[in-house]
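Okay, structure first, notes after.
Every number here is computed from the coordinates shown, using simple stated rules; none is lab data. Being a predicted model, the structure only gives us computed values, none of them experimental. A quick note on method: Cβ atoms are made from the backbone with ideal geometry, for glycine too, and the neighbour counts reach across all protein chains shown.
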Amino acid sequence: MKKITILWVDDEIDLLKPHIIFLEKKGYQVITCKSGQEALDEIPETQFDIVFLDENMPGISGLETLSEIKVLDATLPVVMITKSEEEYIMEEAIGSKIADYLIKPVNPNQILLSLKKNLDNSRLVSEKTTANYQQEFRKIAMDLSIVNSYQEWAELYKKLIYWELRLEEIEDSGMFEILESQKTEANNHFGKFVDKNYVDWFTNGDGPVMSHTLFRELVQPELKDSKTLLVVIDNLRYDQWFAFEDTLNSFYKKRKEQTYFSILPTATQYARNAIFSGLTPLDMEKKHPDWWKNDTDEGGKNLHEADFLGAQLKRLGLNIKWDYHKISSLRQGKHLSQNFKSHKDSDLTVIVYNFVDMLSHAKTEMDVIKELASDDKAYRSLTQSWFKNSPLLEIIQQAQNMGHKLIITTDHGTINVKQPSKVIGDKETSLNLRYKTGRSLTYNEKEVLAAKDPNQIFLPNINLSSSFIFAKNDLFFAYPNNYNHYVSYYRNTYQHGGVSLEEMIIPFIVLDAR
């Protein structure tokens, strides 16, 4: 194994002999220089792992040497060592992306700690994370056998996401496979839980906040004390929210984070219309037949969200100034960003942003997106990259400058589907891969949540004999005709409409401007 090689630059290097002997006994190789110029001559000749650099040297100063080192090798970690505690020196060094900053006199253990932090960090974090997850694995396995409320499921799901993100950082494929199997088991249990309790959530008054109660229960209370920007990012999973949360921290401070549950089907025309109307799909069809469209009806299914929202605000007695925007393209996003200040007097500004939904559909249809979003990790990364460079972030920055409160939420999540489930229906059967509605559906009863009477879960009957079925876990529906081609085309794509932790348990975040 190659020794770690240290370059130590100090005009009083002879006084540091005890430190150097200490490090050599620990197995490190130390090469010394007495000036910045010597160091700059040495770095191109030797492959160093890290540099310890004195700030106060005659000739080229430590800060000047640091700048030159970064030109020679931007990735080489540099630890600045100085007698000075002047703030501007610290700021200059940090601005030049130093790896660490130590104040003289330093002791050998400080040096050793800095080495481990910078060179052994990945290994140490990996070992600790793996050990911690192994302990947590047993606890999660026990929780899966006893979890019996929607609150417990929300907490368990967030715990699984936490470990997914932690294990993703250390790239331990073995541990990651164990987590994936645990997520699959969790979704199996969750499907049974929803099957058993979903109807009661509508009737006994003790269910979670759901799509049709979200505005009344969670949004309305936030409208009392400040102007509010409500952003509904279509198809946003909880892990994707975590992926770009840090980007928002510069502008907004999170005050509240909670989960709510999407109604079934976890599909835009049902869940998002329910958010804006404050009604179940069954009640939307009864109260607003001109605005509601069933799966088999011609035309767009989400064309009346602003109408639904206006009707709900009136029903709730909210006499406020509001506006609504749906963004489905970069051009629309830029146009709103350029004109956002014109909405500064609105009490409530609602933006529906469709990018993540378009991304999930593009993964199905475009080979390049299949490559870029090949798994959940890549899917999160792509979402994060989009958000950092999107007009939406520009709009949020403007809202912060105007002192607006920010609410971020979604209508439903999505799941990477892996396994087909055969279904047979007539030509009027709906086309979605995660749910079907139609007459005389034939399916595997173990793989679906079935609603033979749609009214029981507040869904409209398209026909007198029609029913709904919802795929569980990571299944997707496939017809027997041309089965192999169909399965090959849709496997490992992101779909929604069914029953899974990823689709149903979704974030509601309230943030205050910094």
*Expressed as a fraction of 2.2 N^0.38 Å, the rule-of-thumb size for a compact globular protein of N residues, what is the C-alpha radius of gyration of region 1-154?*
1.40
*What pairs in Lys253/Lys321; Lys25/Lys116; Lys3/Lys25; Lys139/Lys377; Lys192/Lys427; Lys321/Lys405 have C-alpha atoms more than 22 Å from each other?*
Lys253/Lys321; Lys139/Lys377; Lys192/Lys427
_Whole-angstrom Cα spans of region 122-203 along principal axes, big to small_ = 52, 18, 16
_Under 20 Å from the Cα of Lys104 - aspartates and glutamates, other chains or at least 8 residues apart_ = Asp10, Asp11, Glu12, Asp14, Asp54, Glu55, Glu64, Glu85, Glu86, Glu87, Glu91, Glu92
*Name the helices (complete DSSP H segments) of the chain with a Cα length along the long axis of 24 Å or more and a Kyte-Doolittle mean of at least -1.0, or state none.*
121-146, 150-170, 173-203
*DSSP loop trypsin sites (Lys or Arg not before Pro) in region 363-458 with at most 12 other Cβ atoms within 10 Å of their Cβ, which ones?*
Lys427, Lys452
*Say the dipole of region 5-119 comes from +1 at the beta carbon of Lys and Arg and -1 at that of Asp and Glu; which of Met80, Thr65, Val106 then lies farthest toward its positive end?*
Val106
*asked:* Percent of Cα-Cα pairs more than 42 Å apart in the chain, please.
replied: 34 percent
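Can you check how the C-alpha radius of gyration of region 416-495 compares to 2.2 N^0.38 Å, as a plain ratio?
My calculation over the Cα atoms of region 416-495 gives 1.06.
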*Roughly how many debye, to the nearest 20, is the charge dipole of region 416-495 about its Cα centre, given +1 on each Lys and Arg Cβ, -1 on each Asp and Glu Cβ, and no other charges?*
160 debye
*Order of 104-114, 67-77 by packing, highest average Cβ count within 10 Å first?*
104-114, 67-77
